[in-house]
Amino acid sequence: MKIIESLLSRLDDMACRSSREIAQRSSRRRFIGKLGALMVGATAFPLLPVSRANAEPPSEMGDPQSCDYWRYCALGGTLCTCCGGSMTTCPPGAEPSPISWVGTCLNPVDNKHYLISYNDCCGKAICGRCFCHRAERDTPVYAPSKANDILWCFGTESRTYHCTVAIVLGEASA
Amino acid sequence: MQTGGLKKARVSAMMGVLLSWGVSSASAEIAPEVMGKSTMGEPTPTWLMVHDAVGPAYVFDSATGDMQGLLSLSGFTPAVVVNLAEGRAYAAESFYSRGVRGVRTDVLTIYDLPTLSPVGEVEIPQKIAALPFPQYIEMLDDERHVAVFNLTPGMSVSIIDVEDQEFVDEISTPGCALMMAVAERGFLQLCGDGAVQLIRLGRNGKEIERIRSDAFFSLEDDPVFDKPVQTSRGWLLTSYHGLVYEVEVDGGEISISEPWPMLSEADREADWLPGGGQLVAFHQEQDLIFILMNQDGEFAQDSPGTQVWVYNREAQQRVAQIPLTQDGTNLFVSQDEHPLLTVTGVDAQLHIFDVKTLKQVRTISEVGVAPGLLQGF
């Protein structure tokens, strides 16, 4: 959803704006690399609550509010984690779209590929925070099941786009 | 006496100043004015519409940088088609009765170009595909029928008769998207199985013919971008890895050229690949292809380009490289003798280049909230 990207590039908060300035001076991949490096320096890798509660080795690492989080490898849109929702839930009042596109992303913790369902949350004005566009194995719109340049608010009361969640469907090779 | 003379001189000088003020004041007096309306001039090849992410299309002249007007469009409108001779623009639009919610209405709106105002609308199925794709709407060669692409995510095409201002039909096109106009009320589509599909309409706008090519590209290995551009003979397709295909229709036959590579071995070793949003433009008379390139590696097909590469289509050779000061997402080239290339930058400005000198000649700023898709008239 490049339209969302460009819109949000004008509406982001200061933190996102700083990130974007880096992005504009460099390529997206170099940008992600730089962002990753900054985060390592800041030791900003929160573990998932489940992992912490069980005191078990983490199943995921990284910042779910950052575009370089492993689940977002084929996400195009804005992150619901920055908008009052989570990786699997829409923000209050937004309606989950039952129809989604999928990506296959590598979880660096267990080195396994997972099938990720990207579902748009709809029916509210655009969130306007933490835009993200990554295109691993992204296909053109004439092959829509893996295409992120589509407004995926289908089967909802309103097609208005709010943000996107990234739900693990299962191990890709399973 | 001397003092009196000075006084007289001063008084005389002051009167002169006052007199001159009075004269100039009288001559500069501005007559009372009445508020009026401007009308837009006749578009030239250097004029373009710049679609903002939130809906409106700004009209600029890339030759001067001056804004000419604004077309208010819905936030779901993908693109517009223009009939210059009729002074009309047509836009697929989607509206909710309460802004982001409420009752949905989809229409094809007919805009008058001189006033950039709606003069009619035709209600169409509530299925229009959103997001800015130029080939999500197409004017067929009879200039009477407009095709609007639907995505639900089932794929279909709505046909509208703009002369009678009525919806004609919805044509189901499973697995095939976009519309690329060809002769005799026809349009081509790109399909997920690596083929193209030709659909032809009768005089009444109803489908009368449908044929499909053999598959000629692999979706898995090297898909073609969903951003075809029209050439003088047909349509030009570019693949993720930089292969160029040309598709033509001759009578009832679809012909697809042998692909040729845009990238040399050295280019590939340097990680160059096509990338961007509206990443290709074509100049008809000069037979030039313009394409955004980046070095961001695999899966960077949507990432902005750092350079524009220029190819001669017939010779299948690169003739120029234009480094960009700001990475670019969209391209537009004016179809005139001295073409100007417009690039939408990631800095939300338009960067205009003289194609002959390859130099940047101007920048246009404050182009809406987030400028994207570029279209000519």
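The values are calculated or read from the model by the stated rules, or taken from the named source; none is laboratory data. For clarity, every value in this text was computed on a predicted model and none was experimentally measured. Cβ: placed from backbone, ideal geometry, glycine included. Neighbour counts: every protein chain shown.
Which one is nearest to B:Gly372 (Cα to Cα) among residues in region B:68-83 that are in contact (Cβ under 8 Å) with a residue 60 or more places away in the chain and more than 14 Å from chain A (Cβ to nearest Cβ)? Break it down into steps so the answer makes sense when it comes.
Going residue by residue through region B:68-83, those that are in contact (Cβ under 8 Å) with a residue 60 or more places away in the chain are B:78-83.
Now drop any that are not more than 14 Å from chain A (Cβ to nearest Cβ), which leaves B:80-83.
Values: B:Val80: 14, B:Val81: 16, B:Val82: 18, B:Asn83: 22 Å.
So the residue we want is B:Val80.
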Set B:Asp250, B:Asp221, B:Asp214: member being among the acidic types (Asp, Glu), surrounded by fewer than 16 Cβ atoms within 10 Å (Cβ to Cβ) and closer than 17 Å to B:Ala183 by Cα: B:Asp250
Members of region A:87-110 found to be under 19 Å from A:Glu157 (Cα atoms), surrounded by fewer than 19 Cβ atoms within 10 Å (Cβ to Cβ) and aliphatic (A, V, I, L, M), listed by number: A:Ile99
Selection from region B:129-162 of residues that are over 30 Å from B:Thr39 (Cα atoms) and either within 14 Å of chain A (Cβ to nearest Cβ) or among the charged types (D, E, K, R) (or both): B:Ala129, B:Phe149, B:Asn150, B:Leu151, B:Thr152, B:Pro153, B:Gly154, B:Met155, B:Ser156, B:Val157
Residue list for region B:163-210, restricted to those being farther than 22 Å from B:Asn83 by Cβ, small (Gly, Ala, Ser) and more than 14 Å from chain A (Cβ to nearest Cβ): B:Ser172
Unmet requirement for B:Phe149, which otherwise passes all of (1) more than 20 Å from B:Ala130 (Cα to Cα); (2) in contact (Cβ under 8 Å) with a residue 60 or more places away in the chain: (1)
Restricting region B:105-116 to residues that are farther than 14 Å from B:Tyr136 by Cα and within 19 Å of the chain's Cα centre (by Cα), the residue that is farthest from the other protein chains (Cβ to nearest Cβ): B:Pro114
Any hit, region B:182-196, residues being surrounded by fewer than 19 Cβ atoms within 10 Å (Cβ to Cβ), at pLDDT below 95 and either part of a loop (DSSP other than H, G, I, E, B) or of a type in the set (Lys, Arg) (or both): no
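Having 2 or more residues that are away from chain B (no Cβ under 12 Å) and of a type in the set (Phe, Trp, Tyr) is the bar; report the strands (runs of 3 or more DSSP E) wholly within region A:93-174 that clear it.
Working: elements: A:101-107, A:112-122, A:131-133, A:161-171.
Because the criterion is at least 2 residues that are away from chain B (no Cβ under 12 Å) and of a type in the set (Phe, Trp, Tyr), the strands (runs of 3 or more DSSP E) in region A:93-174 that meet it are A:112-122.
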Single condition B:Ser62 does not satisfy, out of (1) farther than 20 Å from B:Ser117 by Cα; (2) among the hydroxyl-bearing types (Ser, Thr, Tyr); (3) surrounded by fewer than 17 Cβ atoms within 10 Å (Cβ to Cβ): (3)
Failed item, numbered, when A:Asp68 is tested on (1) in a strand (DSSP E or B); (2) under 18 Å from B:Phe299 (Cα atoms); (3) charged (D, E, K, R): (1)
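Going by the conditions given, is A:Pro92 free of Cβ contacts under 8 Å to residues at least 24 places away in the same chain and more than 17 Å from A:Glu136 (Cα to Cα)? So that I can check it myself, show each step before the final result.
Details: free of Cβ contacts under 8 Å to residues at least 24 places away in the same chain: yes; more than 17 Å from A:Glu136 (Cα to Cα): yes.
The answer is yes for A:Pro92.
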Filtered residues of region A:100-154 (kept if touching a residue at least 60 places away in the same chain (Cβ under 8 Å), of a type in the set (Lys, Arg) and more than 27 Å from B:Gly194 (Cα to Cα)): A:Lys112, A:Arg129
Strands (runs of 3 or more DSSP E) fully within region B:55-104 counting 2 or more residues that are over 13 Å from the mean Cα position of the chain (by Cα) and among the hydrophobic types (A, V, I, L, M, F, W, C): B:67-71, B:88-98
Filter pass, B:Arg101 being in contact with a Gly (Cβ under 9 Å, 6 or more places away or on another chain) and within 14 Å of chain A (Cβ to nearest Cβ): yes
